[in-house]
Amino acid sequence: MLDQDSLRRYEAQCTQDSPPQCRINCPFSLDCRAFLTNMACGKLAAARAILERHLPLPHIMALICDHPCEQACLRRDFGGAIALHHLEFSCLAQTTSAERLLPIPPKRHKMAVVGAGLAALTAAWDLSRKSYPVTLFVDGEISELLLCQFPNLEEARAWLEEDLKVLLRKVCVEQKTVTREALVTLAQDFAGVFLDASTHPALAPAEAAVDASTWHWQDGICVAGWRSLSPTGHTYSLPSRQAGQGREAALTMERVAGKLSLTAERKKRYGNLHTDCTQVERVQRLEPQTTQWGCALYSQEEARQEASRCLQCQCLICVENCPYLQKYKGYPKVYARQIHNNATIVKGLHTANALINGCALCDQCSRLCPEHFSMAELCLAAREEMVARGQMPPSAHEFALEDMEQAQSPGAFLTWPKPKPGASPPHWLFFPGCQLSASRGEQVLALFAWLEQKLSGSDQAGLALCLACCGQPAHWAGQRKLFEEQLARLRDVWQEYGKPTILTACASCLAALREGLPDLPVRSVWELVDSLELSDLPKEARFPLPKTFSVHDPCAARDDKGWQKAIRSLAQKLGYTLIEPKCTAETTSCCGYGGLVWCAQPETANSLVADRIAQLPGDVLASCVMCRDRFVAQDKACWHILDLLLPHLAVAGTQRGPGLAQRRYQRSQLKARILGQTIRPEGEEVALASDLAETLEEQHILLSDIITALEQIEAKTLWCLNKTNNHRVGAWRPRKVTFWVEYSKTEHGFLVHDAWCHRMLVPGAGGEDAETVIAREQSSSS
Amino acid sequence: MGMLPEYRPDQGEWLCGRCKIPLEQGKVPVFYLNSAFDVILPRCPQCGFTLVPKSLAQGKMLEVESLLEEK
Ligand SMILES: [Zn+2]
């Protein structure tokens, strides 16, 4: 399951934590994003603190750094790189240091630094700040030595002196001409030695002779800071390179002194932070009005303006497109850790349960993510683990699983016509799926009849029908075993019919069958219809249909090019125009039905559907009836592809789909109709008070629950009487839920005023004798 | 032990359907997911019929159920 290794793999896939390009390219790992955030809102002191935390000799670096950060800036192509260099300079010019270094007791290892180039001074700066006693061996004035390489510092001598003053507070300076022999002696007397190649070129080896990841030369001596050579053979000093080498060498010296590996875990590895720049608008880099010491000096307002051009590079591409991922304020890397922790909690709250059960398992994230991070995979594995450990909250999916059970029950399950021994087996098995059968029975039958007639006489003749559930709800609930049982039953049906090709009309069924029964031939019914001649389809529409639709692909068909193509082709052949939304086909968004979120977290499901609706202008064309019904439930006009194919049986795009109870009834109704039977509509003798039906639906209380409860309550006198209004209130507990019904008796039956339910077991409520319940529960818990 | 939580009917005057006597507030143990607590609810002193008012089922009881489901 989600062990440490797989957690690491998941974490590595999400690059949101990776540093942006500017920071990666800064030898001092300056947090440019945070620096610019502060600059953009005028928090100069906070911005300065970031510079002082990361940069050695901050004034000098701000003046002379060759800013490799700007070369890497993603803003470069959209108006020019952020002027980080100028901004750093302007920040320091307009603030004074408030840095307070905490006194740290001096470390035991003494360090020697030879030379006064930028590399040496950086090494001395870094080591002294970590409280190593540092002796700096120089042959002359430090500032003069530095000016030899960086003459433009002359103008800004005040800043140069300021950094040196800070440095020399902690570093001893010794005037000495260091020879090769002296260097050997230093290596014996000090725990680490640094030699600056720019001020001691004669002593230093060639750059190529030294390991560039550590700058360790030999015997505890590090060398770095070589001057660079231009293509024309001219030598020059590159500040970021020299100072960066000094910082790396200082780290090596610490490791040499501590007798640690020079290379192990030296650099944290990151994936490349992906940043989507497709929506970035061009904003020109701001040129400042004033300069100082040859450097551009932004006014505070100018600085604010320039800094706010920063793209604040981050990925979040999955989060931006998914209200569920937004809900918990994090991103997949954080969520993977939370889900991992959830599974390892023994005592305490499993607070990630909601995170795990709130995912629609639609997998849009993995298609948007450049590294293909899949929250669906993670959450499904976590659900299966919770089920295996008995930690899945009963309230999460039980209701959806009961619905599945009903679709598989003898009252709704049907194979028709029955396979006849000896007769030639049908070529096709039409599997409309339990939801389409529950809401579009009439259209299912009409499509079946049309297909049967269309195929007759061809070499693909023979069509049978199977009304059943594919088991996807069990899969989504993490009930792997139950899912496999459903699939096994379908395999039996398929074999009984002589292995026909299965035609599904529901994308979730198609996905479930492809995953669970990969050896069975399965395709969408839409592809078959699209391959047939359509001219004899009924033309007369029940009422006028729109001519243009936004097309919405079901998330379960995001990888199904055949499905997507067939829907578009059919709509076009029938004379309709389709508009493609931003997230479409492979990256389509979920309507909130996926992953049983509608059951476990209706409010998350609602934010998913609301978000999707906002992306779809005008009337929508759906090819999954659950998408269709969920859109319409939110007052978004939506039509099903069947409404286009069979316009004489169309359901208006504004007409709400059937409720949960009605779906169950209509499933049984469809079966009865095919078999030429009639079933009595349920609950003719039960009337609901006005507006009650919707409230019951929200609480997942079905009319059938109420009818059964009323029968039992009346038969066993499981009620009490409210004398003030003569209402009876009774309870029945058919399974792990107690249903309460408040009703009065009428001439024809019952009028239900209200109903509620709870999972908690309350002795004396629900049918069983109170004392019996108490005795049993207390003995089982002790 | 502190005072037990007590819940009264949302409104009205109540008689047990079976015993035809008024319900009285009484202590009942309730159970969920390996946890048990005592609460005071309207119940029939004779047969033990216990009423769970709607406000309790949709309020505190739902809250406690969710909490126990996270444990
Ligand atoms: Zn009684």
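The numbers here are math on the coordinates, done by the rules we state, and not lab data. What you see is a predicted model, and the numbers here were worked out from it, not measured in a lab. Glycine also receives a Cβ, built like all others from the backbone with ideal geometry; neighbour counts cover every protein chain displayed.
Distance between the C-alpha centres of the range A:76-126 and the range A:430-470: 74 Å, rounded to the whole angstrom. For the protein assembly as shown, the antiparallel share of DSSP beta bridges with both residues in that region comes to about 50%.
Here r is the Cβ-Cβ distance between residue A:377 and residue A:284 and R0 is 60 Å; the resulting FRET efficiency, rounded to 0.05, is 0.85. Between the helical axis of A:157-168 and the longest alpha-carbon principal axis of chain A there is an angle of about 80 degrees.
Across all C-alpha atoms in the range A:103-236, the radius of gyration and Dmax reach 14.8, 49 Å.
The stretch between residue A:711 and residue A:141 holds 195.0 nm of extra length on full extension. This uses 0.36 nm per residue minus the Cα-Cα distance. Label positions at residue A:751 and residue A:679, each projected 7 Å from the Cα along the C-beta direction, are separated by 3.0 nm. Translational D (Stokes-Einstein, µm²/s) of the range A:530-570 at 10 °C and 1.306 mPa s when Rh comes from the Kirkwood sum over C-alpha pairs? Here the translational diffusion coefficient equals 127 µm²/s.
Full extension of the chain segment joining residue A:541 with residue A:776 gains 78.4 nm, where the gain is 0.36 nm per residue of separation less the Cα-Cα distance. Per-residue ellipticity at 222 nm computed for chain A from its helices equals -12500 deg cm²/dmol, with DSSP H segments shorter than 4 residues left out and the rest contributing -39,500 (n - 2.57).
Neighbouring Cβ atoms from other chains, within 10 Å of the Cβ of residues in B:40-53, number 5 on average.
The number of Lys pairs in the range A:312-458 with C-alpha atoms less than 30 Å apart, excluding pairs fewer than 8 positions apart on the same chain, is 5.
Pairwise alpha-carbon distances in the range A:425-549 exceed 22 Å for 39% of all pairs. Per residue of peptide B:63-70, the mean number of Cβ atoms on other chains within 10 Å of the residue Cβ is 5. Pairs of Lys residues in the range A:40-195, spaced 8 or more positions apart or belonging to different chains, with C-alpha separations under 23 angstrom: 10 in total. Among A:234, A:67, the order by Cβ neighbours within 10 angstrom, fewest to most, reads A:234, A:67.
What the phi angles of the range A:237-253 give under the Karplus curve with 6.51, -1.76 and 1.60, with θ = phi - 60°, is a coupling list of 9, 9, x, 5, 6, 5, 5, x, 5, x, 5, 4, 5, 4, 4, 5, 4 Hz, glycine and proline written as x. For chain A, the normalised intensity computed at q = 0.05, 0.06 Å⁻¹ comes to -0.44, -0.59 (log10 of I(q)/I(0), Debye sum over alpha carbons, equal scatterers, no solvent).
In chain A, the longest principal axis of the Cα atoms and the axis of helix A:118-129 are about 70 degrees apart. Treating each Cα of the range A:506-635 as an identical point scatterer and summing with the Debye formula, the log10 of I(q)/I(0) at q = 0.11, 0.14 Å⁻¹ comes to -0.42, -0.67. When the inverse distances between all different Cα atoms of the range A:205-257 are averaged and flipped, the Kirkwood radius reads 11.6 angstrom. Looking at the range A:405-513, the DSSP beta bridges with both ends there are about 30 percent antiparallel.
Radius of gyration over Kirkwood radius for the range A:610-716, both on Cα atoms: the Rg/Rh ratio is 1.05.
Counting only alpha carbon atoms, the long axis of helix A:84-93 and the longest principal axis of chain A meet at about 60°. You can think of it this way: the chain between residue A:499 and residue A:157 has 114.3 nm of extra reach, that is 0.36 nm per residue less the Cα-Cα gap. The calculated FRET efficiency for the pair residue A:228 and residue A:344, based on their C-beta separation and a Förster distance of 56 Å, comes to about 0.60. For the range A:1-120, the normalised intensity computed at q = 0.14, 0.19 Å⁻¹ comes to -0.76, -1.06 (log10 of I(q)/I(0), Debye sum over alpha carbons, equal scatterers, no solvent).
By the Stokes-Einstein formula, at 1.002 mPa s and 20 °C, the range A:59-98 with its Kirkwood radius over alpha-carbon pairs has D equal to 196 µm²/s. Give me the distance between the Cα centres of chain B and the range A:1-22, rounded to whole Å. Comparing the Cα centres of chain B and the range A:1-22, I get a distance of 49 Å. Using the alpha carbons alone, the radius of gyration of the range A:359-509 stands to its Kirkwood radius in an Rg to Rh ratio of 1.05. In units of the rule-of-thumb radius 2.2 N^0.38 Å, the range A:569-646 shows an alpha carbon radius of gyration of 1.11. Distance between the pseudo-spin-label points of residue B:35 and residue A:420 (7 Å out from Cα toward the beta carbon): 6.2 nm. From largest to smallest, the equivalent ellipsoid semi-axes obtained for the range A:177-303 from the alpha-carbon gyration tensor read 38, 22, 15 Å.
The radius of gyration of the Cα set in chain B, together with its Dmax, comes out at 13.2, 41 angstrom. Working note: Cα atoms of the range A:284-370, range along each principal axis, descending, whole Å: 63, 31, 19.
Sorted from greatest to least, the principal axis extents spanned by the alpha carbons of the range A:67-176 come out as 51, 33, 25 Å. A Förster distance of 30 Å, applied to the separation of the beta-carbon atoms of residue A:561 and residue A:491, puts the FRET efficiency at 0.70.
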